[in-house]
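Scroll down for the structure; my scribbles are underneath it.
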Amino acid sequence: MYPNTLLIDLQFLPCIEYFTWLLPYDHVELEIYGNYQKQTYGNRCYILSSQQIDRLTVPVIGGKKKVLYKDIQIDYQQKWPICHWRSICTAYGKAPYFEYLSGYFREILFTSYMYLFELNLALLKLCLKLLKLKKDVKLTSEYISNPATSMVDARNIIQPQVPFSQRYRYQPFYYQQVFGTVFTANLSILDLLFCEGPNAYDIIKKSCISSEEL
């Protein structure tokens, strides 16, 4: 076991808060052996459109039964990649860095991954690359019931039903968004990347509550 290791859920196009958790750790283990939970960030993210905050949800097969996260399959009978991409283009087509970055995301979203974790992992690795965040990222090989003292357990902490202000890790740092005059905090990393491009890393860093304050 490496020191300075974060154990965390694997999420779909995670919110900015997720990356403030990743930032301090050299090694990241992504939990895929826990039970899949509905109504989490595991298969959803939030983006900002001209009218409202939109939720993008990846439909899955068998989510109503007790299934390990690693075994959850994506439902392609629903044409969600087309719908997702249309929503993303509508929301961010005029964002400063959309033209430069959108192709990378489109390629992954239109790749037919069988399992949800494969899609989420590919998207996370792309985001880390674009943010120039060098992390040793690994998937768990079994469920870790009792994490070692060298590991910080952040599983099931970042939940859409619980305000980020209750977790004391992320503090919103303003950046210019495409729509609205009131800043909307903690959207999917897509919002930050398309709006700020190479400045995204610095904004994540400025959004972190220091470890001394935790």
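Observations
- Among the residues here, TYR41 qualifies as under 12 Å from the mean Cα position of the chain (by Cα), under 30 Å from ALA95 (Cβ atoms) and either of a type outside the set (Ser, Thr, Tyr) or not in a strand (DSSP E or B) (or both).
- Tally, over region 107-125, of residues that are out of contact with any Leu (no Cβ under 6 Å at 6 or more places or on another chain), of a type in the set (A, V, I, L, M) and open to solvent by 10 Å² or more (accessible area, probe 1.4 Å): 3
- Residues satisfying the stated conditions in region 174-207, i.e. open to solvent by 30 Å² or more (accessible area, probe 1.4 Å) and under 16 Å from LEU22 (Cβ atoms): TYR201, ASP202, LYS205, LYS206
- Pairs, first touching a residue at least 40 places away in the same chain (Cβ under 8 Å) and open to solvent by 40 Å² or more (accessible area, probe 1.4 Å) in region 42-67, second of a type in the set (Ser, Thr, Tyr) and outside any loop (DSSP other than H, G, I, E, B), C-beta under 7 Å, six or more apart: TYR46/SER188; ILE53/TYR46
- Cβ separations smaller than 8 Å between residues 6+ apart or across chains give the following pairs from region 136-148 residues that are under 14 Å from ASN120 (Cα atoms) to residues that are open to solvent by 60 Å² or more (accessible area, probe 1.4 Å): VAL137/LYS125.
- Filtered by the rule that a residue be farther than 30 Å from THR149 by Cβ and either among the polar types (S, T, N, Q) or at pLDDT below 95 (or both), region 4-52 gives LYS38, GLN39, ASN43, SER49, SER50, GLN51, GLN52.
- Just one of the listed residues (PRO14, PRO24) is open to solvent by 30 Å² or more (accessible area, probe 1.4 Å) and within 22 Å of TYR168 (Cβ to Cβ), and it is PRO24.
The values are calculated or read from the model by the stated rules, or taken from the named source; none is laboratory data. Because the structure is a prediction, the values reported are computed rather than measured. In this analysis, Cβ positions are derived from the backbone assuming ideal geometry, glycine residues included, and neighbour counts consider all displayed protein chains. Each accessible area value is taken on the protein alone, full model and side chains, heavy atoms only, with ligands, DNA and RNA left out. Shrake-Rupley method; radii C 1.70, N 1.55, O 1.52, S 1.80 Å.
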